[in-house]
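A.B. asks: Below is a structure I'd like to ask you about.
The values are calculated or read from the model by the stated rules, or taken from the named source; none is laboratory data. Bear in mind the structure is a predicted one, so any value in this text is a computation, not a measurement. Reconstructed Cβ throughout: ideal geometry from the backbone, glycine too, with neighbour counts over all protein chains shown.
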Amino acid sequence: MTGLVFFSLIVAMMSVQAPAVEKIADGVYRIGQLRVDTVKRELIAPATVNDVMTIEFLANTKGGLKAYESAITVETDAITFNAALILLGLDPARGKPSRFQFDPGTPEGDPVELHLEFKGKRIRAEQLLLDQRSKKTLPVGPWVYTGSTFYDAGHGKVFVAEQDGVLIGLMHGPAAIIDNPRNDAVDGFGFFVINPALGVPPGSHVSLIITALKR
């Protein structure tokens, strides 16, 4: 089943309008503000650094409810973001989202790498997140595509990522479409902040780059 067909089935199940997919080159598509390269298996999204005191999530949707505790806001909604990831070949059927926020169990799914670009340089997303307990940034390594979760609200399926406005988690939660598989962050609520050494003040424009890795 192709990514486009799989996505269409999800959209139909949720009774929402599918975002338009525009082909701009061989293997390259635009979905809203997102650029998807199916050859490089890479998604590029514009984002903005949030004015946040403590971090529970890496990324939230535009206008999302969790901006006050997310490091960056991505210029997209959760449905479009998930569609773009499915086009990269990521499969939610292999995902195992966290059961609840701060779940000590490890979320599972197809592996991805996360990078940020700003001021002409590219860094691992882990470098953005400073643990004030250890004075170190988050350990480098793959993140996992869980696909978030759904629940039946009686009038159709609700996509929890869209409801909560969460795209990328940090401390294991059921809403995140991409989550952090490292267990050392689960007990870190209140300790993670944006790394001041990077010099990216609130309001800074960055690009979020997601690369699908081989399983």
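A.B. asks: Filter segment 7-53 for residues that are in a loop (DSSP other than H, G, I, E, B) and at pLDDT below 90; which is farthest from the chain's Cα centre (by Cα)? Before you say what the answer is, go through the steps one by one.
C.D. replies: In the first step, residues of segment 7-53 are kept if they are in a loop (DSSP other than H, G, I, E, B); the result is 15-20, 26-27, 32-33, 38-41, 50-53.
Those left that are additionally at pLDDT below 90: 15-20.
Numbers: SER15: 22, VAL16: 20, GLN17: 21, ALA18: 19, PRO19: 18, ALA20: 20 Å.
The selected residue is SER15.
A.B. asks: When the residues of segment 146-174 are narrowed to those that are surrounded by 24 or more Cβ atoms within 10 Å (Cβ to Cβ), of a type in the set (Val, Ile, Thr) and assigned to a strand (DSSP E or B), which ends up nearest to the chain's Cα centre (by Cα)?
C.D. replies: ILE168
A.B. asks: Please go through segment 63-97 and pick out each residue that is of a type outside the set (A, V, I, L, M, F, W, C) and in a loop (DSSP other than H, G, I, E, B).
C.D. replies: Kept after step one, since they are of a type outside the set (A, V, I, L, M, F, W, C), are these residues of segment 63-97: 63-64, 66, 68-70, 73, 75-77, 80, 82, 89, 91-92, 94-97.
If the condition is that a residue be of a type outside the set (A, V, I, L, M, F, W, C) and in a loop (DSSP other than H, G, I, E, B), then GLY63, GLY64, LYS66, GLU75, THR76, ASP77, GLY89, ASP91, GLY95, PRO97 are the ones that fit.
A.B. asks: Yes or no: LEU208 farther than 23 Å from THR106 by Cα, at pLDDT 90 or above and in contact with a Leu (Cβ under 7 Å, 6 or more places away or on another chain)?
C.D. replies: The answer is yes for LEU208.
A.B. asks: Does segment 77-101 hold any residues that are surrounded by 24 or more Cβ atoms within 10 Å (Cβ to Cβ) and free of Cβ contacts under 8 Å to residues at least 60 places away in the same chain, and which are they?
C.D. replies: ALA84
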